[in-house]
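The values are calculated or read from the model by the stated rules, or taken from the named source; none is laboratory data. As the structure is a prediction and not an experimental result, all values here were calculated from the model. Cβ placement follows ideal geometry from the backbone for every residue including glycine, while neighbour counts extend to all protein chains displayed. Side chains are part of the model used for accessible areas, which takes the heavy atoms of the whole protein and leaves out ligands, DNA and RNA. Shrake-Rupley method; radii C 1.70, N 1.55, O 1.52, S 1.80 Å.
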Amino acid sequence: MTAVLFDLDGVLTPTAVVHMHAWARLFTPVLDQHGVAPYSDADYFAFIDGKPRYDGVRSLLTSRGIDLPWGDPTDAPEAETVCGLGNRKNAVFTEVLRTEGVTPYPGSVALVDALIADGRRVAVVSSSRNAVPVLAAAGLTDRFPVVVDGLVAAARHLPGKPAPDTYLDAAAQLGVPAAQAVVVEDAESGVASGRAGDFGLVVGVDRGAGAETLIAHGADLVVDDLAELLEGSTSL
């Protein structure tokens, strides 16, 4: 394996926790207003985690039988549209990131540094449109020459995860065929993306989705912390 493609939130940085809090603050009153089942952390993993923001909003609403107009990405956060709700959530996330910052997982940074030292190519593939500021806040920008995030995907008209297109795009930018690249993901949709792209190896990181779930959706192996791969990093 000559390249390793990392998801960001929940794999390199614990921003998933910030995202989870922001989604809960968004959907708790919205679902209550519609008189449907309340929001839970299980909803995050089943309908939101790993997907582009607006797709996550639509997926969760659909699970409750709520049909809102899609709207437009320029919609104000107060708008009762899919895009408006997504922008409302992003405003909360951005404020928390600005005020509190984010510290990357030590085990993940150690693995990335070991791979780079071993001559492997690395990239970040994230559905988030906040990937670049998150990498900067975590002090990881200089490690990743290629970042394919939600903004890049939109500009290039690439479908989001669980479609494999964003990962395939990153591999192409690194000049590596999918069969020689590893996908590292913590989300159901993410490991499914790696499997759909026929990547050489799909590694799941269990941050709450559950090892069995990640394997069922496409992971070849699952770890709790990427530091577990350090001793075997040269065999990836």
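Here the label points at residue 156 and residue 221, each 7 Å from Cα along the C-beta direction, are separated by 2.8 nm in the simple model. Computing FRET efficiency as 1/(1 + (r/R0)^6) for residue 116 and residue 25, where r is the C-beta to C-beta distance and R0 is 30 Å, gives about 0.25. Counting only alpha carbon atoms, the long axis of helix 106-117 and the longest principal axis of the chain meet at about 40°. Take the Cα radius of gyration of the chain and divide it by 2.2 N^0.38 Å, with N its residue count; two decimals is plenty. The reported ratio for this selection is 0.98.
Given axes a ≥ b ≥ c from the Cα gyration tensor, I'd like to know whether the range 47-107 is rounded (a/c under 1.5), prolate (a/b larger than b/c) or oblate. Verdict is oblate for the range 47-107.
Solvent exposure of the chain, expressed per residue, is 42 Å² of accessible area, with all protein chains present and a 1.4 angstrom probe. Working note: 222 nm ellipticity from helices only, DSSP H runs with n ≥ 4, each -39,500 (n - 2.57), summed and divided by the residues of the chain, gives -13000 deg cm²/dmol to the nearest 500. From the P(r) of the range 77-199, can you give the percent of Cα pairs sitting at distances over 24 Å? Looking at the range 77-199, the distances longer than 24 Å represent 32 percent of pairs.
Working note: Debye formula, equal point scatterers on the alpha-carbon atoms of the range 128-236, no solvent; log10 I(q)/I(0) at q = 0.15, 0.21, 0.24 Å⁻¹ is -0.67, -1.30, -1.46. Using 0.36 nm per residue and subtracting the Cα-Cα separation, the extra length available between residue 198 and residue 142 on full extension is 17.3 nm. Ligands, DNA and RNA left out, the accessible area of the range 148-233 computed with a 1.4 Å probe is 53% carbon and sulfur. For the chain, take the longest principal axis of its alpha carbons; what is the angle in degrees between that and the long axis of helix 15-33, to the nearest 10 within 0 to 90? It is inclined by approximately 20 degrees. Ranked by the mean number of other Cβ atoms within 10 Å per residue, highest first, peptides 20-32, 192-204 order as 192-204, 20-32.
Using a Förster distance of 25 Å, how high is the FRET efficiency between residue 99 and residue 63, based on the Cβ-Cβ distance and rounded to 0.05?
According to the calculation, E is roughly 0.20.
Geometric descriptor of the range 5-124, per residue, is 115 Å³ (volume of the convex hull of the Cα atoms).
Principal-axis analysis of the Cα atoms of the chain puts helix 82-100 at an angle of about 60° to the longest axis.
Distance between the C-alpha centres of the range 150-219 and the range 35-94: 22 Å, rounded to the whole angstrom.
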